[in-house]
Structure formats: structure tokens, C-alpha cells
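Notes to accompany the following structure.
The values are calculated or read from the model by the stated rules, or taken from the named source; none is laboratory data. Only a predicted model underlies this, so the values are computations on that prediction, with no experimental measurement involved. So basically every Cβ, Gly included, is an ideal-geometry build from the backbone, and we count neighbours across all protein chains shown. Accessible surface is based on the protein model in full, side chains and every heavy atom, while ligands, DNA and RNA are left aside. Shrake-Rupley method; radii C 1.70, N 1.55, O 1.52, S 1.80 Å.
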Amino acid sequence: MTLPAHDVVVLGDGPAGRALGAACRDRGLDAVVVGPDHAWTSTFGAWVDEVPDHRGAFVAETAIDVVAGERRRLGRTYAVFHNQCLRASLDRAPRVVDTVVAVQHHTWGAVVRTAGGTPLTAAVVVDAAGAGGVALDRDVHPERTSFQTAYGLVLSERPDVGGDAAVLMDWRPARGGAAGAEEPTFLYVLPLGGGRWLVEETSLARRRPMAVDELRARLAARLGADLTDRAEHVEVVSIPMRPGVPGRLQPTVGFGAAAGYVHPATGYSVTASLRAAPRVAAAIASARSSTADPARAARAAWDAVWPRPQRRTRALHDYGLEVLLGFGADDVAAFFGTFFSLPHDVWSPYLRVDAAPGEVARAMSAVFSRAPWGLRRRLATGRPPLPRRPR
Ligand SMILES: Cc1cc2nc3c(=O)[nH]c(=O)nc-3n(C[C@H](O)[C@H](O)[C@H](O)COP(=O)(O)OP(=O)(O)OC[C@H]3O[C@@H](n4cnc5c(N)ncnc54)[C@H](O)[C@@H]3O)c2cc1C
């Protein structure tokens with residue numbers, strides 16, 4: 001029988017792939033990460049308390065406000081990752097700089113074929129190659145996929161956009177005028193360290209991505225001018241947000257955005273991957289020590305990628321997104337004004353992919369109880385079908 005050369009080959013060298021590679025090495029597994037070694041250029045924001053073990057990789061920790069009806073300072077510290085520091089802290093597994101073109105599964109393990117031509121063999125193959133992945137089967141549901149889009153500028157100082165701190169969401173209409181006249185977008189304002197600030201106009205979720213030109217025009221309206229030419233960097237965001245999670249019976253295991261870790265309300269997935277990596281690595285290590293069957297090891301890994309309670313959480317999050325998609329600008333602002341008026345130990349779990357379903361349900365019912373009448377009526381009457389219990 002052929003013996004695989006590695007315990008684990010991770011496809012993809014983004015935050016998720018490198019985090020899992022590092023966690024596997026920490027568990028004593030022979031893990032290799034394959035990817036093209038592209039620079040990470042996205043601005044990764046996160047709540048500091050979600051990943052205390054990675055605090056050293058943050059730059060510019062900050063207090064942060066929400067503007068939805070009124071300006072409110074949130075009682076949690078927010079920060080942006082220093083991408084090189086985060087990468088360096090996660091680079092504990094050997095890397096193969098290459099692109100994966102195919103994965104073939106056998107009874108003894110799998111062969112990972114790369115564009116460079118050197119095949120790798122492993123007992124467990126994990127696809128962490130970003131949205132869509134490279135070797136995963138996933139129901140695409142185009143009619144239920146939505147997109148977060150944003151247009152952002154990195155400027156050398158904080159522009160005059162009101163307040164003096166970071167802003168997670170400013171739901172005031174970009175062009176002034178009556179709230180509700182336009183489709184909802186919000187302004188995101190974030191210090192990046194060294195006096196630099198990111199200002200980003202964001203469409204939280206929309207069935208079809210909002211046009212970049214429209215986002216750019218809205219940002220210009222907020223700033224009083226289009227400052228694109230003065231920007232150090234222009235950030236264009238497009239994050240597909242797919243409902244559900246990939247099937248857990250497939251032989252390639254998913255992880256990170258490829259496995260559906262993108263949060264349906266925020267588009268974020270980095271902290272979810274950092275938090276899950278040790279759990280998934282532990283499951284693979286345990287399976288490898290108790291079985292030589294790669295299919296059983298893959299199943300154990302899937303159960304750690306998406307533990308059953310978190311599948312229920314995901315169904316609730318998907319439901320919440322469907323509710324939001326039905327809202328106009330007035331309702332969205334009222335919704336987030338209500339959401340962030342809750343005690344932060346009530347709203348915080350809602351923003352985590354790995355929250356317990358009870359925590360998410362608690363936040364949802366608290367919003368409903370506290371919502372103004374108009375919003376409550378919309379929540380009660382405009383709701384999509386209730387989520388099915390996940391298998
Ligand atoms: C501009 C922008 C801003 C964002 N801001 C945030 C934020 O603030 N916070 C947050 O949590 N999320 C944010 N996101 C979402 C973010 O993309 C994801 O959260 C995160 O990058 C997903 O990490 P990942 O490692 O799962 O996938 P990716 O980052 O997509 O990494 C996948 C890796 O796989 C590699 N790859 C692809 N195909 C192959 C192949 N065939 N073979 C080998 N390797 C392959 C790619 O080169 C890439 O390095 C943002 C996204 C964008 C675009």
C-alpha cells in the first residue's frame with residue numbers, strides 16, 4: 001500500500017491556510033502549505049478580544065463608534081492586523097510555492113497535483129484556497145448568494161467625516177438628504193497606524209454587487225471630493241457571501257473562506273479561521289493517531305471545521321442576512337442602532353461564526369424586543385421562511 005508523505009497538505013496560503021498549517025505543526029503533524037505566496041493587501045479588521053493569542057499581530061488598536069440614529073461608542077477594542085506580522089506569526093509549517101490544479105483521492109490518501117508538476121501526497125487534504133476553494137464541492141445557490149462590496153481609500157490623515165475615532169458603521173446617507181432615499185451603504189473609518197486612515201464606503205450585502213463607481217461617488221460625497229488621486233492605496237472589496245456550509249462527506253476538507261467561514265453579517269472570516277485552526281488541527285491529530293483510514297480522518301476534521309452547534313448558528317446567521325436583505329436604508333439604520341444599543345455581551349456573539357446558537361438567538365430576540373415599532377413590524381412581517389434544521 002502507498003503511504004502518504006505528509007499527514008496534511010493545506011491548499012492555499014492565506015490567513016486560514018497558514019493558520020491551519022501552523023496549528024497542525026504545533027500538534028506534531030507533518031503539514032505542508034501550498035500556495036502562490038502572494039502578498040496580503042486587504043485591510044483585515046477584527047475585535048481584539050476574539051483572538052487574544054494574536055494580539056501581537058495587531059497594529060493601531062482603537063475605540064470604535066457606530067453611527068445609526070445616534071453616535072455610540074462601542075465598549076470593545078477594535079484593531080487592524082499588520083499583515084506581515086500576522087503572516088510571520090503563522091509561518092510555522094513548510095510551504096511549497098505553487099498552485100494546486102487537482103486533487104485525487106485514493107483509499108490510502110490523496111495526491112495533490114500542482115502547476116509546478118511536483119505531486120504531493122497526504123492523508124488529509126484541506127482546501128483553504130479562499131472563496132470557492134479549488135477542490136471542494138459546494139452548492140452554489142446563485143439566487144441566495146449575496147455580495148459585500150466596498151470602495152476604500154488609505155489617506156495620510158483622518159478626513160473630516162464627523163467624530164474623532166474609528167467608525168465601524170456610519171449609516172447616515174452618503175449624499176445627505178432624507179434617510180431611506182437610497183439603497184443602504186455605510187462609511188467605515190479605521191486608523192491604520194502611522195497617522196494613516198482607511199475610509200471605505202461599504203454595501204453590507206446585496207444580491208448583485210453594488211457598482212464600484214457608485215460606491216466611489218458616495219464616498220466622494222461624504223468626503224466633499226473624490227480623494228482617490230491623493231490616496232496611498234485604493235481598496236476595492238468584493239466578498240461573496242454564500243448561504244450554508246459545504247457538505248461534510250467530501251474527502252477534501254474545507255477551511256476558512258473556502259469552508260464558508262465568511263460571516264453573513266460582516267463578510268469577515270479571519271478571526272474565525274484563527275480561532276478554529278487549533279480545534280481542527282487537534283481533531284486531525286487525534287484521528288491520525290487512532291485510524292489509518294483517510295476518509296475517517298477527513299470526517300473528523302469536517303466535524304471540527306463545522307461542529308454541529310455551529311451549523312445551527314450558521315442557519316440562524318443566514319436567516320438574519322435574508323432579513324437584512326429585505327430592508328431599506330431606514331430599516332437597516334434602525335436595526336443597527338438597536339443592535340448596538342444592546343449590552344455588548346449580547347451583540348458580540350452574533351458577530352462570531354463560532355458563537356453558540358443560543359447566543360445568536362438571544363441577540364436576535366433582544367433586537368426584536370428593543371426595536372422601535374416600525375422595525376419590529378418589518379421584522380415580524382417581512383421575514384423570510386424560518387431556517388431549516390441543518391443536517
Ligand atoms: C479588501 C478586502 C478587505 C477585507 N477585510 C476583511 C476584514 O477586515 N476582516 C476579515 O475578517 N475579512 C476581511 N475580508 C475578507 C477576507 O477575504 C477573508 O476574510 C480572508 O482573506 C479569507 O482568508 P482565507 O485564507 O480563507 O482565504 P484567502 O485570503 O482568499 O486566501 C486563499 C489563498 O489561497 C491561494 N490560492 C488560491 N487558489 C489556489 C490554488 N489553486 N492553489 C494554491 N493556492 C491557491 C490564494 O493565493 C490565497 O493566498 C476582506 C476581503 C477583502 C477583499
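General observations
- Label positions at His141 and Ala231, each projected 7 Å from the Cα along the C-beta direction, are separated by 3.1 nm.
- Take the Cα of Ala380, step 7 Å toward its Cβ, do the same at Arg72, and the gap between the two points is 2.2 nm.
- Considering only the Cα atoms of segment 174-310, their convex hull presents on average a projected area of 11.6 nm².
- Highest average first, the peptides 339-348, 74-83 ordered by how many other beta carbon atoms sit within 10 Å of their residues are 74-83, 339-348.
- Of the beta bridges in the chain, as assigned by DSSP with both residues counted there, near 70 percent are antiparallel.
- Peptide ranges 276-282, 11-17 listed from the most packed, as the mean C-beta count within 10 angstrom indicates: 11-17, 276-282
- Exposed GluC sites (Glu not before Pro) absent: longest stretch of the chain, with sites in DSSP loops and at most 16 other Cβ within 10 Å deemed exposed: 233-391
- Pairs of C-alpha atoms in segment 50-90 farther apart than 13 Å represent 58 percent of all such pairs.
- Most fluctuating residue given options Pro173, Pro184, Pro119, as computed from a GNM of the chain linking Cα atoms under 10 Å: Pro119
- Solvent-accessible surface of the chain, taken per residue with a 1.4 Å probe and all protein chains present: 43 Å².
- Span-like helix ranges in the chain, DSSP H, alpha carbon extent 27 angstrom or more, Kyte mean at least 1.6: none
- Listed residues Val236, Val262, Val353, most fluctuating in the chain (Gaussian network, C-alpha, under 10 Å): Val236
- Kirkwood hydrodynamic radius of segment 146-241, Cα pairs, Å: 13.4 Å
- Summing +1 for each Lys or Arg and -1 for each Asp or Glu among the other residues whose beta-carbon sits under 11 angstrom from that of Ser89 gives +2.
- Accessible surface of segment 1-133 [probe 1.4 Å, protein heavy atoms]: carbon and sulfur percent: 49 percent
- Summarised as an ellipsoid, the chain has semi-axes of 37, 24, 18 Å, derived from the eigenvalues of the Cα gyration tensor scaled by 5 and square-rooted, with the largest first.
- Taking Val34, Val199, Val96 in turn, the Gaussian network model of the chain (Cα-Cα springs below 10 Å) assigns the largest fluctuation to Val96.
- Shape call, segment 323-381: gyration tensor on alpha carbons, a/c limit 1.5: prolate
- Qualifying trypsin sites (Lys or Arg not before Pro) in segment 153-250, DSSP loop, other Cβ atoms within 10 Å at most 15: Arg175, Arg207
- Distant alpha-carbon pairs in segment 20-98 (separation over 16 angstrom), percent: 62 percent
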